[in-house]
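Comments concern the structure below.
The values are calculated or read from the model by the stated rules, or taken from the named source; none is laboratory data. Computed from a predicted structure; not experimentally measured. Glycine gets a Cβ as well: all are built from the backbone with ideal geometry, and neighbour counts include every protein chain shown. We work out accessible area using only protein heavy atoms, side chains counted, and drop any ligands, DNA or RNA first. Shrake-Rupley method; radii C 1.70, N 1.55, O 1.52, S 1.80 Å.
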Amino acid sequence: MIDLDVESLFLYFGDDYIINDKIRMHQPLIGEVVDYGEGSYFSMVHQLTAIPSDVKSILWDMPEPIDWMQISDFDLFVMFSQNLTPDKTGIIFGDLDFSKLKPYRHPQNDGIVLADKDAGVLIDELIYMRMMVFLRKLHNITPKPEKAKGKRAKQAMIDEDRRNREFNKDKPFKSYLLPLISAVKVRQGYTRDYVRNMGLFEFFDDLARLQIIYNSDHLMNAAYAGTLDMKRIDKKELNWLRES
């Protein structure tokens, strides 16, 4: 069995993740996301990591409707990658141009691969999975595949997805990172330049660690004050060195 996981410690130190000699994935710093544009950045990440369940109505409303339950994650990536140029993905993938990748039949297993024969770039399903593991773990994205039981349930789920997209399309952008950055900076005494040069995984892990320490300290203080029944508390909740 192939281990596709990316070690958390590796992500914490923010080194580039090398897939092969043609594909290198960069973990952006907070400042790079700010310069790129926070809204555009997360929109691009979600487009890269989307699974069919995330785009039910988009698939169904195409000129030739596609049932999201009949298409694989990789097939969806093959479709969506044609719109991903380096000006959109360069912050992570550098000069790799997904829009130049064309689908071909795999010579050995009859599956689909994406390839730019001139540049010598090839993405098969395994390489795709490695890229997605990195992106999802970096951004704390957990795929949520959905299945419908019957035609009526399927149509209801498509209609709901379409309504949600229509409802959210004109919503003004609201920063996700700003309150998190402000909280870490104020609580820890970080300078703006320090935060600006933090990797994304380092930043989110520090934020989670800060919450663990805060909760552990409050539980310990309550225990010493006699206002907390220690028998009702899981002892690991007092350990601020535990995994986040």
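Residue count for region 37-63 satisfying the condition of being under 21 Å from VAL195 (Cβ atoms) and surrounded by 18 or more Cβ atoms within 10 Å (Cβ to Cβ): 2. Scanning region 65-97 for residues that are among the β-branched types (Val, Ile, Thr) and assigned to a loop (DSSP other than H, G, I, E, B) yields a total of 3. Yes or no: region 147-156 includes at least one residue that is modelled with pLDDT of 95 or more and touching a strand residue (DSSP E or B) at 6+ places or on another chain (Cβ under 9 Å). No; the residues of region 147-156 include none that is modelled with pLDDT of 95 or more and touching a strand residue (DSSP E or B) at 6+ places or on another chain (Cβ under 9 Å). Checking each residue in region 173-198 for being assigned to a loop (DSSP other than H, G, I, E, B) and within 24 Å of the chain's Cα centre (by Cα) picks out PHE173, LYS174, SER175, TYR176, ASN197, MET198.
SER216: modelled with pLDDT under 90 and open to solvent by 80 Å² or more (accessible area, probe 1.4 Å), yes or no? For SER216, the condition - modelled with pLDDT under 90 and open to solvent by 80 Å² or more (accessible area, probe 1.4 Å) - is not met.
Of the residues contained in region 162-172, none is found to be polar (S, T, N, Q), more than 21 Å from the chain's Cα centre (by Cα) and farther than 25 Å from ILE30 by Cβ. Residues of region 124-143 that are among the β-branched types (Val, Ile, Thr) and farther than 21 Å from LEU200 by Cβ: ILE127 alone.
Within the group LYS144, LYS154, LYS171, which residue is closer than 20 Å to MET44 by Cα, basic (Lys, Arg) and touching a helix residue (DSSP H, G or I) at 6+ places or on another chain (Cβ under 8 Å)? Explain how you work it out, then say what you get.
Values: LYS154 fails: closer than 20 Å to MET44 by Cα; LYS171 fails: touching a helix residue (DSSP H, G or I) at 6+ places or on another chain (Cβ under 8 Å).
Answer to the check: LYS144.
Condition first: acidic (Asp, Glu) and in contact (Cβ under 8 Å) with a residue 40 or more places away in the chain. Now tell me which residues in region 1-53 satisfy that. Those that are acidic (Asp, Glu) and in contact (Cβ under 8 Å) with a residue 40 or more places away in the chain: ASP5, GLU32, GLU38. The one condition from (1) over 23 Å from MET25 (Cα atoms); (2) of a type outside the set (S, T, N, Q); (3) at pLDDT below 95; (4) touching a helix residue (DSSP H, G or I) at 6+ places or on another chain (Cβ under 8 Å) that ASP206 does not meet is (1).
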